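Each remark here refers to the structure printed beneath this line.
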Amino acid sequence: MESTHPCLEEQIEQIRKDYPQDISVQLIEELKWGNGNTPCCWYDPKIKKIVYCDANHAMEAYIVHAQRHRVEEFKWLESEKAHDDIGALKAGDEFTDKFAELYAAFWKKTHKFIPIPKSRAA
């Protein structure tokens, strides 16, 4: 079956053109994750967003992959500042209090969910 989306390398190159490095690194990492065994997302250069057509993959990417990764980065930075491991629970709570709203806004700017009718998804 022929893909209607550009190859992964072309999508990555377009992301690098469309976004500053700090954001492109995050989006490329997610795009690579989302194109594992069963591709579940692609980058659409017309709207400059990563597009998901499956709600489960979109939620998994947001909650499990991307946000958890940001919490882990936050934990590392805050532990370095404190010269002690602040722990995952404290990091998660502090990240949520300080950045969850900003992160959700970032996600909305860089992602889109487009449901595909079940008859076309098969």
TODO: Within region 14-27, identify whether any single residue is surrounded by 12 or more Cβ atoms within 10 Å (Cβ to Cβ), without any contact (Cβ under 8 Å) to a residue 40 or more places away in the chain, over 18 Å from Phe113 (Cα atoms) and acidic (Asp, Glu), and answer yes or no.
DONE: yes
Open item on the list: Looking at region 42-98 only, could you name the residues that are surrounded by fewer than 14 Cβ atoms within 10 Å (Cβ to Cβ), touching a residue at least 60 places away in the same chain (Cβ under 8 Å) and assigned to a loop (DSSP other than H, G, I, E, B)?
Closed with: Ile47
Task: Residue in region 11-22 that is part of a helix (DSSP H, G or I) and within 30 Å of Gly87 (Cα to Cα) present - done: yes
Task: Cys7 in contact with a helix residue (DSSP H, G or I) (Cβ under 9 Å, 6 or more places away or on another chain) and modelled with pLDDT of 80 or more - done: no
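The values are calculated or read from the model by the stated rules, or taken from the named source; none is laboratory data. Everything numeric in this text was worked out from a predicted model, so none of it was measured. Because the Cβ atoms are built from the backbone with ideal geometry, glycine has one as well, and the counts that use them run over all protein chains shown.
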